[in-house]
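Q: Below you will find the structure I want to go over with you.
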Amino acid sequence: YDSFDKNLPLAEQNASKAMHLNPESAEVQTSNAFVSLIRKDNPETTEQYYLKAIKLNPNYATAYHWYSDFLRQVLKDFEKSLEYGESAKLLDPLSGIIRINLSNSYKALNKLDEAENVLTTLLDLNPNFLRAYGTLALIYRRQGAWEKAVNTSTKWIQLNPKDGNSYRSLGEVKIIMGDFD
């Protein structure tokens, strides 16, 4: 969580060295894609790294996951983001962070029931995956499912009482519901 100014040169140096050592590695291509993204290169340059990584190793879940996130956040291609997010989940079905990304892709397409299902399934697999509670609470808010949003935020607080975001989430829902106490 240091500044980009401090760490980007180190990331660039290491990604470049890795590329020199093994340009045919999907992991190296994916790392270079991430450095390219952080450096704010032309999106086409970043995308080429991801596509090459997937071509080199079609079973590398991280390449699909990060590419899906890139498609959603940078290129705003939500359908394609969903496609690659589903592929990542198939390759690594137990990954919580991949399921968060997939849920975000569904949310971007306003497919809130599907986004909710991805997260509730994740929480069935791993009830301590804290980040899922925040994302799920936001989905419930968008659905107008206020009691579910309250319950989800409350569960989040119970699991990690030192996380201020969980309290903020609960407070926002209560205010929307008219409960100012």
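The values are calculated or read from the model by the stated rules, or taken from the named source; none is laboratory data. Nothing here was measured: the structure is a model prediction, and the numbers come from that model. Reconstructed Cβ throughout: ideal geometry from the backbone, glycine too, with neighbour counts over all protein chains shown. The protein model used for the area step is the full one, side chains on, heavy atoms only, and it has no ligands, DNA or RNA in it. Shrake-Rupley method; radii C 1.70, N 1.55, O 1.52, S 1.80 Å.
Q: From the list 32, 128, 117, which residue is more than 30 Å from residue 8 (Cα to Cα), assigned to a helix (DSSP H, G or I) and more than 12 Å from the chain's Cα centre (by Cα)?
A: Details: 32 fails: more than 30 Å from residue 8 (Cα to Cα); 128 fails: assigned to a helix (DSSP H, G or I).
Among 32, 128, 117, only 117 is more than 30 Å from residue 8 (Cα to Cα), assigned to a helix (DSSP H, G or I) and more than 12 Å from the chain's Cα centre (by Cα).
Q: Then there is this: Looking for something open to solvent by 60 Å² or more (accessible area, probe 1.4 Å), among the β-branched types (Val, Ile, Thr) and modelled with pLDDT of 95 or more - is there at least one such residue anywhere in segment 99-116?
A: no
Q: In segment 121-131, which residue that is touching a Leu at 6+ places or on another chain (Cβ under 7 Å) and either aliphatic (A, V, I, L, M) or over 19 Å from residue 165 (Cα atoms) (or both) is most open to solvent (accessible area, probe 1.4 Å)?
A: First, the residues of segment 121-131 that are touching a Leu at 6+ places or on another chain (Cβ under 7 Å): 125, 128-130.
The next check asks that each one be either aliphatic (A, V, I, L, M) or over 19 Å from residue 165 (Cα atoms) (or both); those that pass are 125, 130.
Numbers: 125: 96, 130: 51 Å².
Per the criteria, the residue is 125.
Q: Can you list residue pairs whose Cβ atoms sit under 7 Å apart, with the first residue in segment 70-84 being without any contact (Cβ under 8 Å) to a residue 40 or more places away in the chain and the second being basic (Lys, Arg) and open to solvent by less than 60 Å² (accessible area, probe 1.4 Å)? Count only pairs 6 or more apart in sequence or on different chains.
A: 78/72; 81/72
Each row is one residue, and each column tells you yes or no for (1) touching a strand residue (DSSP E or B) at 6+ places or on another chain (Cβ under 6 Å); (2) within 15 Å of residue 84 (Cβ to Cβ); (3) open to solvent by less than 20 Å² (accessible area, probe 1.4 Å); (4) modelled with pLDDT under 95.
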| residue | (1), (2), (3), (4) |
| --- | --- |
| 10 | no, no, no, yes |
| 30 | no, yes, yes, no |
| 38 | no, no, no, yes |
| 52 | no, yes, no, no |
| 58 | no, yes, no, no |
| 61 | no, yes, yes, no |
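Q: I've got another one for you. Restricting attention to segment 170-180, does a residue exist that is open to solvent by less than 20 Å² (accessible area, probe 1.4 Å) and not β-branched (Val, Ile, Thr)? Even if it seems obvious, please write down each step before you answer.
A: Residues of segment 170-180 open to solvent by less than 20 Å² (accessible area, probe 1.4 Å): 173.
So of that shortlist, the ones also not β-branched (Val, Ile, Thr) come out as none.
Within segment 170-180 (the criterion being open to solvent by less than 20 Å² (accessible area, probe 1.4 Å) and not β-branched (Val, Ile, Thr)), the answer is no, since none of the residues qualifies.
Q: Now for a separate question. In segment 40-50, what count of residues is obtained for those that are modelled with pLDDT of 95 or more and at positive phi?
A: 0
Q: So, one more: Could you count how many residues in segment 132-162 are assigned to a helix (DSSP H, G or I) and surrounded by 15 or more Cβ atoms within 10 Å (Cβ to Cβ)?
A: Here the count works out to 21.
Q: Among the candidates 102, 71, 90, 82, which residue alone is under 15 Å from residue 37 (Cβ atoms) and in a helix (DSSP H, G or I)?
A: Every option except 71 fails the conditions.
Q: For segment 12-28, name all the residues that are in a helix (DSSP H, G or I) and surrounded by 12 or more Cβ atoms within 10 Å (Cβ to Cβ). I'd like the intermediate steps shown before the answer.
A: From segment 12-28, those in a helix (DSSP H, G or I) are 12-21, 26-28; that's our starting set.
Within segment 12-28, 12, 14, 15, 16, 18, 19, 26, 27, 28 meet the criteria.
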